[in-house]
Structures are given as C-alpha cells and as structure tokens.
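Chemist: Can you keep this structure in mind? I'll have questions shortly.
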Amino acid sequence: MPKAILSLLAVVCSVPASATSFIDILRMTADHPSVASAQDIAGAALFDVDAEKASSNLQVSAGIGSVSYSGQPGYENNYISPHVNLSKVLYDHGRNDAAVEGREAEFQAQSMQVRAILESLNQQVLSLYSTAVTNARVVSVLDKEVAALQDLLQRVQTIATIDSGRASEVSQVSTRLSSVIASREASNTAMQQAWQQLRTLVNRPVTLTDGLPDLKKAGLLPATLDVAERALKDNPSWIVTRYRRDSASSALKVASKWNRPTWSVQLSLDSPRRNGEMEPFKAATLQVSSDLNLWDGGAGLASVKGQTRRLSSAEQDMEATLRTLKAQLGQLWVSMPLREQQIAALSQQSASALQTWRAGETQFFAGQRPLTDLISFATDYYSSLASYEEQRVQYLATQWQIVATLGKLGDLARNVQSLPASALDGAGDMDSDGLGRPVPATNNKAVEAFRQAVASGKTSSSTPLAAQTAETQRRGEESLRAWPW
C-alpha cells in the first residue's frame, strides 16, 4: 500500500489496532447491542409461551372475605372469612392449544429475528467494507498518476528552462496534476468515512489491509440460480414472515371459538360462623359448569373478521418478501457474468491505453505531438485502470451480496475460519513495465488465451468444458450440502 494511504489510515485508526480480515469483522457484529436486544425479546417470548400453557393448569387462590346474611336463619355474619378456591378448565374446544401455538410461533419469529438483525448488520459491514476497499484501490491508482504527472512536470520544467516559449506547458501539467490530487483526496475522504463508520459499527479498532475474498474460487457460491432460489426459504427475513403467518393463523383459531362451550370445575372452601364461632374451611362447594356464549353483541364475529384480515396480510407479506428476495438474487446473479466481461474489457482498454501513452510520450519528446495529447493519453490510461479496479471490487462484492441475499453471511463467518484475499498493497496486482510505470498484470495475451481455450472447448487443464461444468456443479452442490444453505 502506498505510504500516503498508510499515513491517512493511521490518522483514522488512531487507536492501536491489529490487521483484521473481512471474515473477522463479520464475526464482530454478534456483539452488537441490537443483537443482544433481540435475544432478550426472544427470551421474553419464551416465557410468554410458558405463561400461556399455565393458564390451563390447576389454579389455586386463597384470601379473606367478609360475609353478611339477611333473612337467613342459622347463618351469622362473618366479617373475616378465610377461603381457598381451586379451579381447572376441563375442556375449552382447543382455545388454549391454539393460543399456545400462537405464542410458540411468536417465540420462533423473535428467535429468527435475532438472525435477521445480525444479517442486516452484516450487510452494512459488507457495504462499508466494499466502499472502503474500492476507494483505497482508486487512491492507489491516483497516487501512481500523481507520481507520473510529477515526473512529467519536472521534465517539462527542464525543457522550459531551455525553451522559454514552452513555459505554458508547465501550467498545463500543473493544472492536470492539481485536478488529479483533488480527485485523489475525494476518494481518500470517502475511504476514511466508510472505514470510520465501519469501526463505529463494530466498536473495534480494526484496520483495512485486505480486499474481499473470492467466494467463487473458494466454491462457496450456489452452483445454479435454481439452487440459490430454493435456498432463499432459509433466509431469516422470510422465515420471520412465515412464523408471523402461523401466529396470525393461531389467533384466528382462538377467535373462531367465541361461541364454543367451556367446561370447568371449581372447589371452594369457606369459613362459616355458627353459634358465635368460626369454622375454618368447613364449608366446601364443588361446582362443575359449562358456559356457552350465546351472543356477545357481535364482538366475537368482529374479532373473527379482523383476525381473518390479519392472516391474509401475513400471507401476502410472506409472498412479497420472497418475491423481493428472488428479484434481488436474480439481479445479482445476472450481473456476475456481465461484470466478468466488463473486467476483461477494461483490462484490454487499460493495456491499449498504456501502449498509446508510451507512443505519445515518445512522440512528444521528439517534438511530433503536443502536450495536450500526452496528458490526455495518461488520463485515459489511469481512468481505465481506476475503472478496472472498481469493477474488480464490485465483482467480489456481488458474490458476497448473493450470500447476503440468502441470509448466510453469519453462517459463513461462523463456519469458515479464513479465506484468501488480495492485500491492498497495490492496485490491480500491477507490475512495472521496466520504465518505472505501472502496467496491469492481465493483458491482451491472457485474455486472448482464455478466449481461445473457450473456443476450442477446453480449459488449460485439457478438460472439456461440459465435463468441467458438471464437475463445478457437483462441487457446488457438495458445498451446499456441507453448508446450511
């Protein structure tokens, strides 16, 4: 990484920090307060289940009452009368069972909401991390453009000392150099802001050293779009809506039993007073009753209609969530090969722009081409190189966004200890062309060799493409079975 980037990152990360991979940062989100809050809510929902179950158990109560009689010979007023009541619902037409099912569905929804919140945090981490990496690579490219323009400025200044008529060329290079420096500072600011937000999100002193790992090379992406779409039903957000639907269904069951009879038994032990003395708990009353609600003013029917609408809403919400996830997944899946093509095109463009820049440089110093052309050639080269770097990061970010759409970022962080990733020590894994100028490692020869391999139906290992595709799909399916996709 260029010294300028290291120094600026040192300012941002003023707290002592250790190098942290993207997988490590994903694990840190498990300690976020919003996750702990969701876990507490899930724990409270579990106690709600126990409370609902207990409502059908034996109920025991004790207390003190005051009893007075009028016109009943043999009974005496008792102003302090202890009593004990025991009651038990014998049959309620499934009201309690349906209520318990609803509470359990709520508990499951709250438990899955913990994962949904964690996945939401992981998606924020992915967005901020990819933004920081993109801008870091762009800054690296612009640093090299600044160095190239500074070298050109020195050479033009030397020429201007000999030929005063070319002094205006110094201003041209200086103007372009100032513009590149301004662009570099803008990208650097965006990088620092994204990284600061990320550090605040995880509340850890982490440093930016590596790019995003390539999940496709690691075999951690679904083999086909169909496999990925089937895995969408494991997404926590969709599972939450499914449990909400189950809870609404249970509430409708309870509401629909408003006019069903309830059987119960009750035993009461009272303390009557006779001949001036209280007889503690001597009077026992056993009652078995059946209550049937014949008419409640329309409240029961209204409740049924309301719960029916809530159930319909929950079902529509479940379908809408699945459609949204499918649309996101389909868009990301289609963009993968398109980004690969764009990366290959930008690689060719940068290589061609470099050749044009070299030729223009030779012609300029030979007096055969104006300075404006040379500056334009350099600008074209570094612009294409910056676009190349941006697309490389976005290509890897798309892979991770697919995993995020499946709701598996947290699972990946828990099950995979580490993944290889390119270090941010130079943009595009660039080398030198022998003159101290950067060139992309991917060139026209490599692209052409790959195209010839595809045209011939074989890969570099002489494996037919059809067989390779089947092998890739088999490995992908094995990875899916090994993973909780």
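The values are calculated or read from the model by the stated rules, or taken from the named source; none is laboratory data. It should be emphasised that the depicted structure is a prediction, and the values quoted were computed from it without experimental measurement. So basically every Cβ, Gly included, is an ideal-geometry build from the backbone, and we count neighbours across all protein chains shown. Each accessible area value is taken on the protein alone, full model and side chains, heavy atoms only, with ligands, DNA and RNA left out. Shrake-Rupley method; radii C 1.70, N 1.55, O 1.52, S 1.80 Å.
Chemist: Just to confirm my numbers, what's the Cα centroid distance between the stretch 309-384 and the stretch 387-408 in Å?
Modeler: 13
Chemist: Also, I was wondering about something else. Along the Cα→Cβ direction, 7 angstrom out, place labels at residue 288 and residue 336. What is the inter-label distance in nm?
Modeler: Output for this residue pair reads 6.7 nm.
Chemist: Where does each of 107, 365 land when they are ordered by accessible area, with a 1.4 Å probe and the largest first?
Modeler: On the way: 107 50, 365 75 Å².
These residues rank, largest area first, as 365, 107.
Chemist: Over the stretch 65-136, consider all pairs of different Cα atoms and compute the Kirkwood hydrodynamic radius from their mean reciprocal separation; express it in Å, one decimal.
Modeler: Working: mean 1/r = 0.0521 Å⁻¹.
Evaluated over the stretch 65-136, this radius sits at 19.2 Å.
Chemist: So how do 268, 37 rank on accessible area, 1.4 Å probe, biggest first, that is with the largest at the start?
Modeler: Values: 268 20, 37 60 Å².
Sorted descending by solvent-accessible area, the residues read 37, 268.
Chemist: Leaving ligands and nucleic acids out of the surface, order 23, 64 by accessible area at 1.4 Å, largest first. If you can, show how the numbers build up before the last one.
Modeler: Numbers: 23 5, 64 125 Å².
So, going from the largest accessible area down, we get 64, 23.
Chemist: Please give the length that would be gained between residue 415 and residue 90 if that part of the chain were fully extended, namely 0.36 nm times their separation in residues minus their C-alpha to C-alpha distance (nm, one decimal).
Modeler: Working: separation 325, 0.36 × 325 = 117.00 nm, distance 4.93 nm.
Roughly 112.1 nm would be gained on extension.
Chemist: Can you give me the solvent accessible area of residue 185 with a 1.4 Å probe, rounded to the nearest 10 Å²?
Modeler: So the heavy atoms of residue 185 present about 80 Å² to solvent.
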